[in-house]
């Protein structure tokens, strides 16, 4: 418990057998009450290894995609009574040692969401982020900030922490099961007025780290622009967005 709040760390996993143990061993256990791993029908021993390590493990019977995996992660965390949920990739790209910095602002009710930013500071390029990905990240973030009327250093990090209120408020099940889920979720959180903070996060880009192809990156980039434009048009009451309309119904 942190400030009386239960902290659950979730790991959306796919073929993470080579990096899972390294990731898990660095988690500051004094800040985390429970760890949950959801295996998205991996082709390796991820699920078996997680289970042998005593991690509460759930396995998809078929591959649901990155967004679909997160949906299960958050649902299972809420079911076990989480007040704060941290999402950490088990590929060892993001350092688990920042968990205290991610959860404390939420426990103290300073922010509702925390992002581990690779762009604050110089961690991304030093850690090996490919130059084209770095530049795409910077350009997309600039455009998003202008369209969404926010001021984040990046929208594309996979290291995130959320309050229970966010996860119960946002219509996550209506979002994509693909990689664009992350951006849809942030657009919804911003539109709903939740407070978002960032902490600088060094990253590692190694051969075991998960990554998407150039073509899928392009598809993701177009999806990001679509999400941002949808948010702008919805705010201006020009065109209602199915992604945001449920939040209007709740207000």
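Just so it is clear, none of the values below were taken in a lab; they were calculated from the coordinates. Only a predicted model underlies this, so the values are computations on that prediction, with no experimental measurement involved. Methodologically, a virtual Cβ is constructed for each residue, glycine included, from the backbone with ideal geometry; neighbour enumeration extends over all protein chains shown.
Determine, from the Cβ-Cβ distance of residue 131 and residue 63 and an R0 of 30 Å, the FRET efficiency 1/(1 + (r/R0)^6), rounded to the nearest 0.05. Taking R0 as 30 Å, the efficiency between residue 131 and residue 63 is 0.50.
Want the number for residue 149 to residue 226: 0.36 nm per residue separation, take away the alpha-carbon distance, what's left? If you can, show how the numbers build up before the last one.
Details: separation 77, 0.36 × 77 = 27.72 nm, distance 1.50 nm.
Extra length available between residue 149 and residue 226 comes to 26.2 nm.
Between the range 113-183 and the range 81-103, how far is it from one alpha carbon centroid to the other, in angstrom? Rounded to whole Å, the Cα centres lie 15 Å apart.
Per the Cα gyration tensor, the range 40-88 maps to an equivalent ellipsoid with semi-axes of 19, 15, 8 Å, ordered largest to smallest.
Which order do the peptides 57-63, 82-88 come out in when sorted by mean C-beta neighbours inside 10 angstrom, highest first? Don't skip to the end; give the middle numbers.
Details: 57-63: 14.3, 82-88: 25.1.
Averaged packing, sorted descending, gives the order 82-88, 57-63.
The three principal axes of the Cα atoms in the range 7-250 give end-to-end lengths of 53, 40, 36 Å, sorted in falling order.
At full extension, residue 97 and residue 168 could sit 22.9 nm farther apart than now, given 0.36 nm per residue minus the alpha carbon distance.
In the chain, the calculated helix contribution to ellipticity at 222 nm averages -12500 deg cm²/dmol per residue, counting -39,500 (n - 2.57) for every DSSP H run with n ≥ 4.
With the alpha-carbon atoms as the only input, what is the per residue convex hull volume for the range 1-142 in Å³?
Values: hull volume 18.1 nm³, N = 142.
Considering the Cα atoms of the range 1-142, their hull volume per residue is 127 Å³.
Modelled spin labels at residue 3 and residue 142, positioned 7 Å past Cα toward Cβ, are 3.6 nm from each other. Normalised by the number of residues in the chain, the mean separation of alpha-carbon contacts (under 8 Å, six or more apart) gives a relative contact order of 22 percent. Extending 7 Å from the Cα toward the beta-carbon at both residue 205 and residue 29 defines two label points whose distance is 3.4 nm.
Using Cα-only point scatterers and the Debye equation, what is log10 of I(q)/I(0) for the range 129-251 at each q in 0.13, 0.16 Å⁻¹, rounded to two decimals? Summing over Cα pairs of the range 129-251 leads to -0.54, -0.82.
Subtract the Cα-Cα distance of residue 239 and residue 78 from 0.36 nm times their separation in residues, and report this length gain in nm to one decimal. Spell out each step's value before the answer.
On the way: separation 161, 0.36 × 161 = 57.96 nm, distance 3.27 nm.
Taking residue 239 through residue 78 to full extension adds about 54.7 nm, to one decimal.
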